[in-house]
Amino acid sequence: MSSLFSNLDDKKKFALLGLAGVSVVAVGTYAYLQRSKEKRETSATHQEDDWEKPFNLSVDQMKQMIKDFQSEMDKGLQSTTSSSMKMLTSFTSKPTGKEKGSYYALDLGGTNFRVIKLELQGNKVIGASVKQQYTISQEAMRGTAEQLFGFIADCINNFISTEKPSSSKFVLGFTFSFPVNQTKISSGTLISWTKGFTTKGVEGNDVVKLLNNEFQKRRISAEVAALANDTVGTMVARCYEDDTCEMGLILGTGTNACYSEKVSNIKKLLGGFNKDNMIINMEWGAFGDGTNFLPLTKADKQLDQFSLNPGKQLFEKMISGMYLGEIVRQILLDLVDRNRLSKGFSSSELLKKAYCFETSFITLTENDNSSELTEVQKLLEERLAIVSTVKERQLLKHICHVVSQRAARLSAAAVVAVLSKINRLQKVTVAVDGGVFEHLPGFREEMERFMKLLAPSSSIQLVLQKDGSGNGAAIIAATTQN
Ligand code: GLC
């Protein structure tokens, strides 16, 4: 992730940093470090520093966001252009659990690409799977369609050379984790890239066609039976074995969700669909774009301004793994600007590099429970050439915590918004995948706590659906084969 952005210097900050004087910070005033979560939300008396206040989202703020979120959902179901959330039709519904056989999937969503072979037993049980992971080069992410889809086709060739498919033509599902306009299950046009991809010649084109072209060139005899977003794959993988699942959620490099909607509510639907419900890929990472619904902080605005897609995916930029570390860095830069951190920080050239503070550093920092935060000290020295005091490290740990907890609260509010909209707040399962959910300390707990605060009578179960995105695409491919 860092290499992706290593060339992007934040010029304005660079200039400001040059002016920043050297001073020792009054971090001693951060006595609030130890206070309880409850106190943080409700106490009017504790000393909150100015950077922190806008990050501590209240229940009332989140209740308002839920209203705005639901109204955007409504608008997105009416027409293709009136909402910040695209609410894309997937032409997929829940599987029965009886789908049976051997199916393949391709999973493209971030810097890794996976090929999967999955055995479905037909009795709600997912059997054995074989998986192979490949790394997508920077050239493929930023080059031409032929490079990207050619690379994918080469990976399949490599996979099937070791995994003999049972028939000469094999059926596969393609997880493509970007916003795609679909008018049927087996094709779709990329609307716009997200998550740092800029490959030319793909936006506005059918990604299945692009893939088939490369298959043909290599004489690969494969049929792409289904195209799916990763949220849809994750949800379907859970639904295969669990009837209570109504929602799929990704909290990883990017963030997005899908849910099962009544077809009669999808007013904009083009093309027929012969089931009562269809899974909607919300593209919720774009919630709030072009509106003032989101409580954006100075750090969020800075991050957005210098991002590859300014003004876009604002909700995603507050929540997902691609950005959380950068938010922490923006807060640090602000504190440096205001002479609140010592020379160790203000003189670090490395800290001036955008995205140098990776989201994995948040995990490491929050997991360091030593009294002097020695792991954090090592990290700062080795990765950012920063010599720090214990108090600065405590402050950094607190910043990481606040940034991560805000992301959890926003995610919680959005889940409650969706489930209350479809009247499914009780005994419901949400299938979740992604490193932010899986690895950020306390993230899941804060999400659960906040969902309860927002909907006290709810019983929402968040389940980690590992590898759901790929497995689900194989299941969706199976649903197309009768
Ligand atoms: C981005 C993509 C979306 C995907 C999400 C999670 O938001 O636009 O399609 O589901 O990342 O990977």
task: Those residues that are of a type in the set (A, V, I, L, M, F, W, C), within 16 Å of the ligand (Cβ to nearest atom) and in a loop (DSSP other than H, G, I, E, B), I need them from the stretch 272-288; list them, please.
output: MET282, PHE287
message: Suppose we keep only residues that are in a loop (DSSP other than H, G, I, E, B) and closer than 17 Å to ASP433 by Cβ within the stretch 96-122. Which one would you say is nearest to the ligand (Cβ to nearest atom)?
response: GLY109
- line: Flagged in the stretch 429-462 as within 22 Å of GLY122 (Cα to Cα) and either away from the ligand (no atom under 16 Å from the Cβ) or free of Cβ contacts under 8 Å to residues at least 60 places away in the same chain (or both), in numbering order, are THR429
- request: For LYS427, state whether it is more than 18 Å from the chain's Cα centre (by Cα), within 30 Å of THR297 (Cα to Cα) and modelled with pLDDT of 95 or more.
  value: no
query: Pairs, please: C-beta under 7 Å, at least 6 apart or cross-chain, first residue free of Cβ contacts under 8 Å to residues at least 24 places away in the same chain and in the stretch 53-81, second buried (at least 20 other Cβ atoms within 10 Å of the Cβ)?
result: LYS75/SER83
- line: Only one of (1) part of a helix (DSSP H, G or I); (2) in contact with a helix residue (DSSP H, G or I) (Cβ under 7 Å, 6 or more places away or on another chain); (3) surrounded by fewer than 14 Cβ atoms within 10 Å (Cβ to Cβ) does not apply to GLN377, and that is (3)
message: Of the residues SER58, SER2, SER102, only one is polar (S, T, N, Q), more than 24 Å from MET278 (Cα to Cα), modelled with pLDDT of 50 or more and buried (at least 16 other Cβ atoms within 10 Å of the Cβ); which?
response: SER102
task: Mind telling me which of the residues LYS267, LYS301 ends up being more than 16 Å from the ligand (Cβ to nearest atom), in contact (Cβ under 8 Å) with a residue 40 or more places away in the chain and surrounded by fewer than 17 Cβ atoms within 10 Å (Cβ to Cβ)?
output: LYS267
- prompt: Could you count how many residues in the stretch 353-370 are outside any helix (DSSP H, G or I) and within 20 Å of the chain's Cα centre (by Cα)?
  reply: 5
- request: Test GLU392 against the criterion of being of a type in the set (Asp, Glu) and free of Cβ contacts under 8 Å to residues at least 40 places away in the same chain, and give yes or no.
  value: no
query: Which one of ARG329, ARG340 is assigned to a loop (DSSP other than H, G, I, E, B), charged (D, E, K, R) and buried (at least 19 other Cβ atoms within 10 Å of the Cβ)?
result: ARG340
statement: Across the stretch 180-196, the tally of residues that are surrounded by fewer than 22 Cβ atoms within 10 Å (Cβ to Cβ), within 16 Å of the ligand (Cβ to nearest atom) and not in a strand (DSSP E or B) stands at 4
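The values are calculated or read from the model by the stated rules, or taken from the named source; none is laboratory data. As the structure is a computational prediction, the values presented were derived from the model and not from experiment. Don't worry about glycine lacking a Cβ; one is built from the backbone with ideal geometry, like all the others, and counts go over all protein chains shown.
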